[in-house]
Amino acid sequence: MRVLLFLLVKEFQQIFRNPAIIRIIFIMPAVQLLVLPLAADYEVKNVYITVVDNDHSSYSHALVNKLVASDYFVLTGYADSYAQAMLDIEQDRSDLIIEIPGQFERTLVREDKATVSIAANAVNGAKGGIGASYAASLIQDFNTDIRTDWLQLPRYNPYPVIAITGSNWYNLHMRYDLFMVPGILVILLTMVGSFLASINIVYEKEVGTIEQINVSPIRKYQFILGKLIPFWIIGFVVLTIGLVISRVAYGIIPEGSFGLIYLFAAVYLLAFLGIGLLLSTYADTQQQAMFISFFLMMIFILMGGLYTSIDSMPEWAQVIAHLNPVTYFIEVMRMVVMKGSTFADIRSQFFIISGMAVFFNVWAVLNYRKRN
Amino acid sequence: MSAISIQQIVKTFPGKHSVVALDHVDLLVESGELFGIIGPDGAGKTTLFRIIATLLLADEGTATLRGMDVVRDYKKIRKVIGYMPGKFSLYQDLTVEENIQFFATLFLTSLEENYDLIKDIYVQLEPFKDRKAGKLSGGMKQKLALCCALIHRPDVLLLDEPTTGVDPVSRKEFWEMLGRLKTSGMTIVVSTPYMDEAVLCDRIALMQTGKILQTDTPQGIIDSYALQLLAIGGDHLYDTLQLLRHFEGTANCFAFGDKLHLSLKDNSYSAASVTAYLEKNGRTDTTVEPIQPGIEDCFMAYL
C-alpha cells in the first residue's frame, strides 16, 4: 500500500511538471467543446439555387419568391436555360436548379396540374438531398396556397385534409449542440483514457526507466494501479471541466443525475485505461502507441454513433458498433443528459461496459511482463 | 558460496540476421569480489547482465545468484541485487532527491536508513539535490544512478558499463567509489569496454562475440601471455605495420597509440632479428624494444 502511494506521488509529480499534459487536460476539452458542436451541425442551411424561369408569369414569380423567402434557400440568380444553370452547378455556385417550364401558369390553371423540375448537386450528398426535399415541400405548400385561393369558400374544405404537426421529444427545438456536446464529452474521456495512459507507459519503456522498476521487488498490480489511478482521476477532472463548459457555454443541464454520469464514466474510464494499458504492452515506442491509438480512435469515433446513427448502418457495421465501448457511453450520455434516464434504463449498457473493463484489464495484466 | 554461478548460458536474438548474443557462457563470481567483464561493444555483456538481473530469459543453461535460480527465484533475487543499466534510466523529470527517495521506497527503505552506504557519493550530489536528473552532467548522472542502485543495500551490485561516456576524472572517482564499496563486503560485477579499467578489478573475464575467452586475475591474464612482445616506434608507422605483418616471425601486430605492438611466434626471433628485418627493408629510423604486455595485448591476441 505504501509503495502504491509513492508510485502515485511520483506519477503526479511528473504529470504536473509536464506542461504539455496540463495543457492537454485543460485546453483540449475547452477547444473541442467550444468549436466542434458549432461546426458539426447537420442542419442544412444556405442551399444555393439557380432558377430557370421559362414562364415569367405571376405564378412562377410567386413560387420563386416563396422559395427565396424561406431560411433555407439563397438565390444565386436566374438563368436563361438549363444548360446555363448547369454552369452554376459545375462552378459550385449553386446546389439546386429549379426549372419552371414555359406556360407553367397556363397549364396549371387550365389543366389543373403542372410540373416543376428540381435538379440537385449530389456531390455533397446531404445538402443535395435535403435541399431537394425542402424545395419539394415548399412547392407542395405553394400548391396548397393556390388551391386555397381558388376555393372561394374556405370554411369547409371539400377535401378531407390531415394536418401533420410534429413535436420533438427530449429535444424540443432540435438543438444540435444538445445532441453533440454529450457525445464530444465521451470522446474527450476516451482520449484521456487510451492516449495519455498508453503513451505514459510506453515512454517509460522507451527511456528505460521501466527496467529499473522491473528489477525492483515491486508487484505487477502495484505498478499497473500506479499508472491507472492518476489517469482515472484526470479523466474525472476532464469530465468535470467538460460539464462546466457545456453548462456555461450551451446552458446544457443534464435532465438525469450527475451521479449516474460519473458512475458510468468511472467504469468507462477503467475500460479505456485497460485498452491503453493493453496497447502499451504491445507497443515499444511512443510513435507506435500514437499511431495505434489514432487508428483505433478513428474507428471508435466514426463507428460510435457520434455523427451517424448506428441504426442506419449496414448490419455488419452495427455488429462492430456494438463491440465499440464508445457507442454505449454516447448512448448513455445522451439518455441521461437529454431524457433524464435512470440507472434502470442504462443497466444493460452499464453491465456491458463493466464486462469490457474487466476483459481489457485482465488481458493487459496478463500480457504485461516484467521480463522478456 | 559463490555470488554468481553461470553454466552454459545461451541466448539467441531471432530475426532475419539472428544473433547469438551468448554462446555457452560459463562464469563464476566469488562473494565479495570486484569482478570485471571486459569486452568490446557487442560482446554480449549487457545480455549477460540482463539475464543475471532476471530481466531476460536465457534460451539454454542455468544461472544462479547466491544459490537462487534466476528463473525460479526471480522475486527473491530482485530484493538482493542492485542493477545499474548501461543506458541512463532514472526519471529525468524528477529531481536528484526525488529519484533517490523513489527508488528507496520501491524497496521499502529510505535514504536515511542506508545513508552510511551512499554517503561518499551522496555528498557530491547534495549540492544538486533539487536539480532535475535530466539536467545533470554525465558523471553526476552515473553517480546518481549508482546511488539509486545502492539505496536498498544490495548484496550483489551489477553495473553495466558505468563509465562509458564519462570523462577520465569522473571515471577515476567512480572506480575509487567501487573500491570503497567492496570493503563493505558487497559483490560487484562491472562491465567495461575500457581495458585500462581491467586492472582495477580483482578478477576479470575477457569477453568477445558471446564467448568468455579467459577468466583470471588481471595479473594472471598478463602472466599467461606467453609470447615475446615488442614495442616499435618511429615515423611512417602504417607502412611499418604492413611490413611487419609480412615478417615470418610475426604472431600478430597492432597499432597501440603512437607505437606498434608486435608479438613474436617463438623464441627463435628477438628484437635484434626484427631490427635486422626492418633495416633490410629500408626502415632505419625505427626503435624496437621489449615490453611487458597489458590486458589489451592479451585481448588482441585472441583476435
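The values are calculated or read from the model by the stated rules, or taken from the named source; none is laboratory data. Quick caveat, the model's predicted, so the values are computed rather than measured. FYI the Cβ positions are ideal-geometry reconstructions off the backbone, even for glycines, and counts take in every protein chain you see.
Given the criteria assigned by TED's automatic domain parsing to the domain that holds B:Val190, in contact with a Cys (Cβ under 8 Å, 6 or more places away or on another chain) and buried (at least 22 other Cβ atoms within 10 Å of the Cβ), does B:Ile118 qualify?
Against the criterion (assigned by TED's automatic domain parsing to the domain that holds B:Val190, in contact with a Cys (Cβ under 8 Å, 6 or more places away or on another chain) and buried (at least 22 other Cβ atoms within 10 Å of the Cβ)), B:Ile118 qualifies.
Here is a yes/no grid of residues against (1) β-branched (Val, Ile, Thr); (2) part of a helix (DSSP H, G or I):
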position: A:Asp284; (1), (2): no, no
position: A:Gln287; (1), (2): no, yes
position: A:Ser293; (1), (2): no, yes
position: A:Leu296; (1), (2): no, yes
position: A:Ile320; (1), (2): yes, yes
position: A:Thr327; (1), (2): yes, yes
position: A:Ile330; (1), (2): yes, yes
position: A:Met338; (1), (2): no, yes
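Does the stretch B:119-129 contain at least one residue that is within 14 Å of chain A (Cβ to nearest Cβ) and either not in a helix (DSSP H, G or I) or not β-branched (Val, Ile, Thr) (or both)?
Within the stretch B:119-129 (the criterion being within 14 Å of chain A (Cβ to nearest Cβ) and either not in a helix (DSSP H, G or I) or not β-branched (Val, Ile, Thr) (or both)), the answer is no, since none of the residues qualifies.
In the stretch B:101-112, which residue that is out of contact with any His (no Cβ under 9 Å at 6 or more places or on another chain) and more than 9 Å from every other protein chain (Cβ to nearest Cβ) is nearest to A:Leu7 (Cα to Cα)?
Of everything passing the filter in the stretch B:101-112, B:Ser110 is nearest to A:Leu7 (Cα to Cα).
From the set of residues in the stretch A:1-29 that are at pLDDT below 85 and crowded, with 16+ Cβ neighbours inside 10 Å, which is nearest to the other protein chains (Cβ to nearest Cβ)?
Per the criteria, the residue is A:Val3.
B:Thr275 passes all but one of (1) out of contact with any strand residue (DSSP E or B) (no Cβ under 6 Å at 6 or more places or on another chain); (2) in a helix (DSSP H, G or I); (3) surrounded by 17 or more Cβ atoms within 10 Å (Cβ to Cβ); which number fails?
Checking B:Thr275 against (1) out of contact with any strand residue (DSSP E or B) (no Cβ under 6 Å at 6 or more places or on another chain); (2) in a helix (DSSP H, G or I); (3) surrounded by 17 or more Cβ atoms within 10 Å (Cβ to Cβ), the one that fails is (1).
Which one of the conditions (1) among the basic types (Lys, Arg); (2) in contact (Cβ under 8 Å) with a residue 12 or more places away in the chain; (3) at the interface with another protein chain (Cβ under 8 Å from one of its Cβ atoms) does B:Arg66 fail to meet, given that it meets all the rest?
Result: B:Arg66 fails condition (3) only.
Being without any contact (Cβ under 8 Å) to a residue 40 or more places away in the chain and either of a type outside the set (A, V, I, L, M) or more than 14 Å from B:Ile204 (Cα to Cα) (or both) is true for just one of B:Gly36, B:Gly44, B:Gly15. Which residue is that?
Going through B:Gly36, B:Gly44, B:Gly15 in turn, the sole match is B:Gly15.
Which pairs have Cβ atoms under 8 Å, sit 6 or more apart or on different chains, and link a residue in the stretch B:259-281 that is in contact (Cβ under 8 Å) with a residue 24 or more places away in the chain and within 16 Å of B:Pro293 (Cβ to Cβ) to one that is among the polar types (S, T, N, Q) and assigned to a loop (DSSP other than H, G, I, E, B)?
From the stretch B:259-281, the pairs are B:Leu264/B:Ser270.
Which strands (runs of 3 or more DSSP E) does the stretch B:26-98 wholly contain that include 3 or more residues that are surrounded by fewer than 23 Cβ atoms within 10 Å (Cβ to Cβ)?
The qualifying strands (runs of 3 or more DSSP E) are B:60-65.
Could you list all residues from the stretch A:52-73 that are of a type in the set (A, V, I, L, M), touching a Leu at 6+ places or on another chain (Cβ under 7 Å) and either within 14 Å of chain B (Cβ to nearest Cβ) or crowded, with 17+ Cβ neighbours inside 10 Å (or both)?
Scanning the stretch A:52-73 gives a single hit, A:Leu67.
Going through the stretch B:284-293 one residue at a time, which ones are buried (at least 19 other Cβ atoms within 10 Å of the Cβ) and modelled with pLDDT under 85?
B:Thr286 - this is the single residue of the stretch B:284-293 that is buried (at least 19 other Cβ atoms within 10 Å of the Cβ) and modelled with pLDDT under 85.
Can you name every residue in the stretch A:189-223 that is β-branched (Val, Ile, Thr) and either touching a His at 6+ places or on another chain (Cβ under 6 Å) or more than 9 Å from chain B (Cβ to nearest Cβ) (or both)?
If the condition is that a residue be β-branched (Val, Ile, Thr) and either touching a His at 6+ places or on another chain (Cβ under 6 Å) or more than 9 Å from chain B (Cβ to nearest Cβ) (or both), then A:Thr190, A:Val192, A:Ile199, A:Ile201, A:Val202 are the ones that fit.
Let me spell it out: the conditions are (1) in contact (Cβ under 8 Å) with a residue 60 or more places away in the chain; (2) among the small types (Gly, Ala, Ser); (3) more than 23 Å from B:Glu33 (Cβ to Cβ), and B:Gly249 meets all of them except one. Which number is the exception?
The one condition B:Gly249 does not meet is (1).
State which residue is farthest from A:Asn214 (Cα to Cα) when the search covers only the stretch B:70-82 and only residues that are touching a strand residue (DSSP E or B) at 6+ places or on another chain (Cβ under 7 Å) and either away from chain A (no Cβ under 11 Å) or touching a residue at least 60 places away in the same chain (Cβ under 8 Å) (or both).
Out of the qualifying residues, it is B:Val80.
Looking at A:Thr308, is it under 19 Å from the mean Cα position of the chain (by Cα) and surrounded by 15 or more Cβ atoms within 10 Å (Cβ to Cβ)?
no
If we scan the stretch A:187-206, do we find a residue that is without any contact (Cβ under 8 Å) to a residue 12 or more places away in the chain and assigned by TED's automatic domain parsing to the domain that holds A:Tyr282?
Yes: one or more hits.
Which one is farthest from the chain's Cα centre (by Cα), of the residues in the stretch B:141-169 that are in a helix (DSSP H, G or I) and surrounded by fewer than 19 Cβ atoms within 10 Å (Cβ to Cβ)?
Only one residue fits best here, namely B:Val169.
What single numbered condition from (1) more than 29 Å from A:Leu243 (Cβ to Cβ); (2) outside any helix (DSSP H, G or I); (3) away from chain B (no Cβ under 14 Å) fails to hold for A:Arg369?
Among (1) more than 29 Å from A:Leu243 (Cβ to Cβ); (2) outside any helix (DSSP H, G or I); (3) away from chain B (no Cβ under 14 Å), A:Arg369 violates only (3).
For the stretch B:83-100, which positions are out of contact with any Lys or Arg (no Cβ under 7 Å at 6 or more places or on another chain), at pLDDT 90 or above and more than 7 Å from every other protein chain (Cβ to nearest Cβ)?
B:Met84, B:Asn99, B:Ile100 - these are the residues of the stretch B:83-100 that are out of contact with any Lys or Arg (no Cβ under 7 Å at 6 or more places or on another chain), at pLDDT 90 or above and more than 7 Å from every other protein chain (Cβ to nearest Cβ).
Given (1) more than 20 Å from the chain's Cα centre (by Cα); (2) within 14 Å of another protein chain (Cβ to nearest Cβ), identify the lone condition not met by B:Gly61.
If we test B:Gly61 against (1) more than 20 Å from the chain's Cα centre (by Cα); (2) within 14 Å of another protein chain (Cβ to nearest Cβ), just (2) comes out false.
Where the second residue is β-branched (Val, Ile, Thr) and exposed (fewer than 13 other Cβ atoms within 10 Å of the Cβ) and the first is under 14 Å from A:Met180 (Cβ atoms) and assigned by TED's automatic domain parsing to the domain that holds A:Leu188 and lies in the stretch A:242-254, which pairs have Cβ atoms under 9 Å and are six or more apart or on separate chains?
A:Ser246/A:Ile253
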